[in-house]
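Reading through the structure tokens given below for one structure.
The values are calculated or read from the model by the stated rules, or taken from the named source; none is laboratory data. Everything numeric here is computed off the predicted structure, so don't read it as measured data. Glycine gets a Cβ as well: all are built from the backbone with ideal geometry, and neighbour counts include every protein chain shown.
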Protein chains: 4
Amino acid sequence: MSSTYGRNLKVSIFGQSHSPAIGVCIDGLPSGFKIDLQELGNFLKRRAPGQNSHSTARKEADEPEFLSGLVDGVTCGAPLTAVIRNTDVRSGDYDSLKDIPRPSHADFTAYIKNGESRDFRGGGEFSGRLTAPLCVAGGICLQLLKLEGISVAAHIVKIGNVNSQPFDPVNISESEIRRLQKAEFPVLDAQAGERMLAEIETAKKDGDSVGGIIECCAIGLPAGLGDPIFDGVENRIAAALFGIPAVKGVEFGNGFAAVGLRGSENNDAFYIEGNSVRTRTNRHGGILGGITSGMPLIFRAAFKPTPSIAKEQDSVSLSRRENVKLAVTGRHDPCIVPRAVPCVEAVAAIALYDILR
Amino acid sequence: MSSTYGRNLKVSIFGQSHSPAIGVCIDGLPSGFKIDLQELGNFLKRRAPGQNSHSTARKEADEPEFLSGLVDGVTCGAPLTAVIRNTDVRSGDYDSLKDIPRPSHADFTAYIKNGESRDFRGGGEFSGRLTAPLCVAGGICLQLLKLEGISVAAHIVKIGNVNSQPFDPVNISESEIRRLQKAEFPVLDAQAGERMLAEIETAKKDGDSVGGIIECCAIGLPAGLGDPIFDGVENRIAAALFGIPAVKGVEFGNGFAAVGLRGSENNDAFYIEGNSVRTRTNRHGGILGGITSGMPLIFRAAFKPTPSIAKEQDSVSLSRRENVKLAVTGRHDPCIVPRAVPCVEAVAAIALYDILR
Amino acid sequence: MSSTYGRNLKVSIFGQSHSPAIGVCIDGLPSGFKIDLQELGNFLKRRAPGQNSHSTARKEADEPEFLSGLVDGVTCGAPLTAVIRNTDVRSGDYDSLKDIPRPSHADFTAYIKNGESRDFRGGGEFSGRLTAPLCVAGGICLQLLKLEGISVAAHIVKIGNVNSQPFDPVNISESEIRRLQKAEFPVLDAQAGERMLAEIETAKKDGDSVGGIIECCAIGLPAGLGDPIFDGVENRIAAALFGIPAVKGVEFGNGFAAVGLRGSENNDAFYIEGNSVRTRTNRHGGILGGITSGMPLIFRAAFKPTPSIAKEQDSVSLSRRENVKLAVTGRHDPCIVPRAVPCVEAVAAIALYDILR
Amino acid sequence: MSSTYGRNLKVSIFGQSHSPAIGVCIDGLPSGFKIDLQELGNFLKRRAPGQNSHSTARKEADEPEFLSGLVDGVTCGAPLTAVIRNTDVRSGDYDSLKDIPRPSHADFTAYIKNGESRDFRGGGEFSGRLTAPLCVAGGICLQLLKLEGISVAAHIVKIGNVNSQPFDPVNISESEIRRLQKAEFPVLDAQAGERMLAEIETAKKDGDSVGGIIECCAIGLPAGLGDPIFDGVENRIAAALFGIPAVKGVEFGNGFAAVGLRGSENNDAFYIEGNSVRTRTNRHGGILGGITSGMPLIFRAAFKPTPSIAKEQDSVSLSRRENVKLAVTGRHDPCIVPRAVPCVEAVAAIALYDILR
């Protein structure tokens, strides 16, 4: 407990990697909203495995079936539940993992928490596969936000040691956002993107993995969303973001880089534009005192390198309490970051729509 | 909404910088616990203003009065409410700020959110002063955690561009923790500490400010605390941490630095020690899949430089909708980080005790 | 919002009468619990339609499919989701109801709340059919409570104007509870039961309906469960009980009848039995100050007569804004009370297990 | 846990009968609302002790001090905290009660729950005195509801065995509501009121107590408030209502009386009035499917006779585990019902405003 997020929009995620299905129940959607299922499908495809060489070979349609809340493609106001069947399941791949936890994976903590009865197959409820229903919820929220004139997009700013260009935090255009949402490998600097792909490919050949940083923005947000202390926009996004496996850090605006600056260098001067109050720079990432300022919301999430690697590692036998060697077989992404881009957008969209609702 | 945090222990913070009082209501404390008021007082003193040259000159006793929940110093099981009177209030200092928001402060977003009726005096409910009741709650939780064999301590690892030594994430001793808890300026490297103080002093002289990074650990945590997806230890600490003013980033274990490592470099090998499963390294910061591994919990919070600086800045007149110059007077910390150390400990203690409870 | 109940055990119900499926997601079950699926099936059968002449003719297998949280019939600690397909759906029966709300049914308020997009078929999410997933959750909780030595049972004490014998609130035996749990028509006075069935039959012949009162008990509860003010056992049971369609009243212990008594007549004297403190009478229904006393928990729920009746009634055309006559066709229970008995047990079990957990 | 109620408006109550103060923290009030403190004072006076012969002799000013959230009498958007000092405290009156629980009071369950450290003085946090901060919150919500055109009023329909006239559920006028709000002893039938007062007086002379039923209405509610299943208006009012000490039952509309009626007798026919849909009768109490219909909201709460009576009763010594006799001294209401009328209004107002917000 708890796999439920949100106050006004409650998103409950369920399922394990190898259970009959995974899914999401969303309580609090408005009635009368026609979900663009084609667009939702395109969004889910960006997260889906098996799309290209740098992702796991597990191929699944990942088409959600809507069990409730939708009548003829239109929300009816009742909780919407969508499920995705787990079809391409090779549980045998994981049998050896029951006794030997993969380093830096949740295998060990799942064992401590849920004991022998845990669902160890494919990482159980800790599997990255659970981000599929997260993206179903997020994809719907993205469409609802668009109605309010709010757009959300994320891209990769770092893979391993290769950096790409970050957003210009003051000027992000709708067209730039649309381009990123359609990109197979979303980066602002195409050449950096090539080097990133090479980095991933090299890691894969080495039986190893790499991490990365995803930067996300939301534009069109009205000023005044969020609350002080525990219910700020930062708190609420962070509270959901660490739900994406492998996220180990989050920063808003200048984030950790603000530390090396003086106040006079990090502060964002206000000015009048038309009748609006804006800031000339946006080191605050669109949030002051937990509340949106009307400038673009900007945050970054750090993903550690995928812990499942082919290289031999030191681990233990839980039953025999002795040190053993482990070489993880099965299908794993050498880098989870590209597929995590829509997940970050999904989290941002869910958190923002929950605040707006 | 909402100034309430927690599931099993509900901490509700109230008050504004210049309201009659600030305080906290804590629901869910066990009955029969004798609060060490002396120790709590010492803890609060670490956060209190006016303790030394690098903090604001505002001096307040900040002694909490317990209105409920405590009988003869012992918790009775009813909600505990503690209030701190706001005595040394010079509201006049802030009158000019009603119309001119301080850059990168919450003045502007408070205006958008609460309009003309907002309490603009001293930052209202966005004031760092609200961390005093946070520390009352945190100080009590620290004592309750100690009963369970859990110790929490934080220190400064960066001020401006000066770095100090981080924790050895595998070996943190009780004596090291006790030393930090008593230190006037908690750092592991005393010489770095001197340079940090110099950095703060220089910024002060320049009418400017600096930020920093606080690292926090918790040792003695049992493995198995926390939950997958939205209720992981990381999610819950992050959700509270951004409640401390000026926090703009948080990372666990290797955090953002993990990005530059291969999986084989970032993974923590398991091994058997006695009958326990431990990891040889602790890049995961004591949390795997949102759940404690039994290794020390390690996280870092980035604080931006204090936005209130004496230097002249560009701002706007909200009423006249025109650009103006602003020079903030009043009493402000050139660096909030030293006083934020107990606040970070408080947040960690509240989040962890809430999970344990 | 919200179809989610509970603090430590979160029960989220979804589905509409004619959606592809209805179901429940239960977050917070312990791992390692083997659900007795046979027993759960028997429990669900007590609520299922088409079991006997006094219930609707709609026949459905109502067998839950477990999509997550269960591995080989044993809970794994992840959220458990069970769905029941809606197979025997005759939406055509309801077409006329889109424009003409049934008196005292939720048709009108659903229209106001969710507009034209509401799922009006069969009452949508307001349908009594949603108590099926409620009973899935309740049936599992009943099994978990049994492990703790706690038994829950309900029976009918009134149908129309026919009364049956209530529980002896001081002495309720396990065998009495087991008998009720297996009874086709659970009453303590078999002859009253016959008269009740006759009352239902008469109403049916008249194209009319009758209501009733269900009394529920829980024995084996430890003293000390629940909390003062808003989180008492009474508050929490009541908060869930009104989730069962047609419930319009709830009372604990002597309830409304206590009003006519003096304090000296209604108070329950304490006495020592063995080393325990007990009360000689149990007019408090096992709860004092919101907290269990260790005596049997007793409460009653009042069910209004089923609003769907064959008799012609006055209603309105929502589109034409004019008065019209309505005769409800389709399949409806002349009395929902017998099938509501397991629903009341389910609510009690969910609320109690949530408190215990 | 938990003394906090509400989703959009969070009301946290704290304090014990003999703690330094009792109070309430209200999170979620809009900014810019000028509280009519005179009107609030009048409302609190209706609940205050010592107002007339039928209430306890304990006299307290019960004037709330606003510690936060209010600037010059106007809400500023930050959590509002109000405290009432406990001044007229005679703890000695209760010393004997530490070991001997009063029958049907929370003394015993408080002992089980919180052990020796509980605050037994005056009933601790279970004291009816905690309804004072509840009324502070409720009084503010009543004023906020009035802005939306919603009025709430309660009156006494039964004391002991004396009945007074209930509301006409279809026609309740503003003037009737205003009259009740100002009445010293709010009843619709003045002669019944006289007999009720006599009933209370007789009980008092006998060293005994009587209970009663309070009926409450809200008019001006828009249709469409509330949600199906667990978040209906009935669920939410009931969840708060049992927080008032001595409440043992609640019913909406016809409530328990609906059981003896046929569907054709209990259903409320719809008709068109102007452009609105109304019902000719209002047996549903203004709620269908958990959602307001636009007709007056009507509910009743049953109060048991005050358990604290002067008559000698059987109880036990908790320490010696033996049966003893108990005669409660101290100041107690022979009938809590008159003072509970504003408490019921307060609960209704808080629940409704939370739903509206």
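The figures follow:
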{"quantity": "Top-ranked residue in region A:258-295 [being at the interface with another protein chain (Cβ under 7 Å from one of its Cβ atoms) and assigned to a helix (DSSP H, G or I); ranked as farthest from B:ALA302 (Cα to Cα)]", "calculated": "A:SER264"}
{"quantity": "Failed condition for A:SER17, given (1) within 13 Å of C:SER68 (Cα to Cα); (2) within 7 Å of chain C (Cβ to nearest Cβ); (3) in a loop (DSSP other than H, G, I, E, B)", "calculated": "(2)"}
{"quantity": "Condition check for B:GLY123: crowded, with 23+ Cβ neighbours inside 10 Å, small (Gly, Ala, Ser) and more than 27 Å from B:ASN8 (Cα to Cα)", "calculated": "yes"}
{"quantity": "Selection status of D:LYS304, buried (at least 24 other Cβ atoms within 10 Å of the Cβ) and among the basic types (Lys, Arg)", "calculated": "yes"}
{"quantity": "Subset of region D:97-120 [surrounded by fewer than 24 Cβ atoms within 10 Å (Cβ to Cβ), within 11 Å of another protein chain (Cβ to nearest Cβ) and either in contact with a strand residue (DSSP E or B) (Cβ under 6 Å, 6 or more places away or on another chain) or over 21 Å from C:ILE272 (Cα atoms) (or both)]", "calculated": "D:ILE100, D:LYS113, D:SER117"}
{"quantity": "Check on C:ASN323, of a type in the set (S, T, N, Q) and over 30 Å from C:PRO101 (Cβ atoms)", "calculated": "no"}
{"quantity": "Residues located in region A:240-257, provided they are more than 7 Å from chain B (Cβ to nearest Cβ) and under 24 Å from B:GLY207 (Cα atoms)", "calculated": "A:ALA257"}
{"quantity": "Subset of region B:217-247 that is of a type outside the set (A, V, I, L, M) and not in a loop (DSSP other than H, G, I, E, B) - its residue that is nearest to A:GLY243 (Cα to Cα)", "calculated": "B:PHE230"}
{"quantity": "The listed residue being on the phi > 0 side of the Ramachandran plot and at pLDDT 95 or above, out of D:SER104, D:SER164", "calculated": "D:SER104"}
{"quantity": "Residue among C:ILE350, C:ILE298 that is in a strand (DSSP E or B), buried (at least 24 other Cβ atoms within 10 Å of the Cβ) and modelled with pLDDT of 95 or more", "calculated": "C:ILE298"}
{"quantity": "Residue within region C:127-144 that is surrounded by fewer than 24 Cβ atoms within 10 Å (Cβ to Cβ), modelled with pLDDT of 95 or more and more than 28 Å from C:ASP314 (Cα to Cα) present", "calculated": "yes"}
{"quantity": "Residue in region B:204-216 that is touching a strand residue (DSSP E or B) at 6+ places or on another chain (Cβ under 6 Å), assigned to a helix (DSSP H, G or I), surrounded by fewer than 24 Cβ atoms within 10 Å (Cβ to Cβ) and of a type outside the set (S, T, N, Q) present", "calculated": "no"}
{"quantity": "Yes/no for D:LYS182 being closer than 30 Å to D:GLY28 by Cβ, of a type in the set (Lys, Arg) and modelled with pLDDT under 95", "calculated": "yes"}
{"quantity": "One residue from C:ILE140, C:ILE112 being closer than 26 Å to C:TYR353 by Cα and of a type in the set (Val, Ile, Thr)", "calculated": "C:ILE140"}
{"quantity": "Count - residues of region D:23-51 that are buried (at least 17 other Cβ atoms within 10 Å of the Cβ) and within 7 Å of another protein chain (Cβ to nearest Cβ)", "calculated": "5"}
{"quantity": "Residue count for region B:177-200, restricted to those that are more than 20 Å from the chain's Cα centre (by Cα) and in a helix (DSSP H, G or I)", "calculated": "7"}
{"quantity": "Every residue from region D:108-147 that is in a helix (DSSP H, G or I), of a type in the set (D, E, K, R) and within 21 Å of B:GLY73 (Cα to Cα)", "calculated": "D:LYS113, D:GLU116, D:ARG121, D:GLU125"}
{"quantity": "Breaking point among (1) touching a residue at least 24 places away in the same chain (Cβ under 8 Å); (2) surrounded by fewer than 24 Cβ atoms within 10 Å (Cβ to Cβ), for C:GLY232", "calculated": "(2)"}
{"quantity": "Matching residues, region A:48-71, being closer than 27 Å to A:LEU144 by Cα, at pLDDT below 95 and either out of contact with any strand residue (DSSP E or B) (no Cβ under 6 Å at 6 or more places or on another chain) or of a type in the set (A, V, I, L, M) (or both)", "calculated": "A:ALA48, A:PRO49, A:GLN51, A:GLU60, A:ALA61, A:GLU63"}
{"quantity": "Lone unmet requirement of (1) farther than 30 Å from D:ILE350 by Cα; (2) facing chain D (nearest Cβ under 7 Å); (3) surrounded by 24 or more Cβ atoms within 10 Å (Cβ to Cβ) for C:LEU221", "calculated": "(2)"}
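Table: residues versus (1) among the charged types (D, E, K, R); (2) in contact with a Lys or Arg (Cβ under 9 Å, 6 or more places away or on another chain).
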residue	(1), (2)
D:GLY207	no, yes
D:GLY211	no, yes
D:GLU215	yes, yes
D:ALA218	no, no
D:LEU225	no, yes
D:ILE237	no, no
D:ALA269	no, yes
D:GLU273	yes, no
D:ARG278	yes, no
